[in-house]
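Heads up: the structure comes next, in structure tokens.
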Amino acid sequence: MPEDKDLLTAKEFARLAGVKPGTITKWLRSGKLEGTKSGGRWMIPRSQLANLTAKTQPEPEPSRPSSGQTDGQSAGQDGARLYSIEEFAAMTYLTELGVERWIKAERLIGRLDSSGNWKVDSSSLRLPHIKHLLRD
């Protein structure tokens with residue numbers, strides 16, 4: 001077992017790898033990276049930084065909508081509707097804070113608009129873990 005100084009948290013590892021902590025967690029769960037849970041936190045040997053391969057390269061960041069879009073009628077590049085956090089929370093049983101957290105944890109498909117506000121892509125409504133959260 002590596003010494004404690006050679007172990008990194010998922011957040012520390014993500015910073016060094018240049019990816020989001022949620023991506024590191026996905027890689028750990030899928031077996032692309034090796035790590036152990038200690039006290040509810042992932043601990044990853046520093047040596048795993050050298051093991052990053054093409055398989056574990058980050059996915060591209062979602063694109064931002066063009067600056068000519070208005071808040072009420074914003075759409076993604078593929079023409080999908082973009083909802084504000086407030087609109088999406090009203091459509092689901094998630095709170096506004098929950099929606100924002102889920103975007104950042106990559107459980108929802110979201111992006112920042114030109115004003116720096118989070119928007120949720122309508123394709124998130126088709127995600128299996130969201131379907132049961134939709135209000136009737």
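The values are calculated or read from the model by the stated rules, or taken from the named source; none is laboratory data. All figures in this text were calculated on a predicted structure; none of them were measured in a lab. Neighbour counts are summed over all protein chains in view; Cβ atoms, including those assigned to glycine, are modelled from backbone coordinates with ideal geometry.
Points worth noting:
- For region 103-121, the tally of residues that are buried (at least 18 other Cβ atoms within 10 Å of the Cβ) and in contact with a Gly (Cβ under 8 Å, 6 or more places away or on another chain) stands at 6.
- Qualifying residue in region 13-33 (condition: basic (K, R) and more than 17 Å from K104 (Cβ to Cβ)): yes
- Pick from region 122-134, criterion touching a residue at least 40 places away in the same chain (Cβ under 8 Å) and among the small types (G, A, S), ranking: surrounded by the most Cβ atoms within 10 Å (Cβ to Cβ): S122
- Comparison of G18, G22 shows that the only residue that is closer than 26 Å to L133 by Cβ, of a type outside the set (K, R), modelled with pLDDT under 90 and not assigned by TED's automatic domain parsing to the domain that holds R126 is G22.
- Within region 17-47, the set of residues being in contact (Cβ under 8 Å) with a residue 40 or more places away in the chain, out of contact with any helix residue (DSSP H, G or I) (no Cβ under 7 Å at 6 or more places or on another chain) and either in a loop (DSSP other than H, G, I, E, B) or aromatic (F, W, Y) (or both) comprises G18 only.
- Filter pass, Y83 being surrounded by 13 or more Cβ atoms within 10 Å (Cβ to Cβ), aromatic (F, W, Y), outside the structural domain of W27 (by TED's automatic domain parsing) and at pLDDT 65 or above: yes
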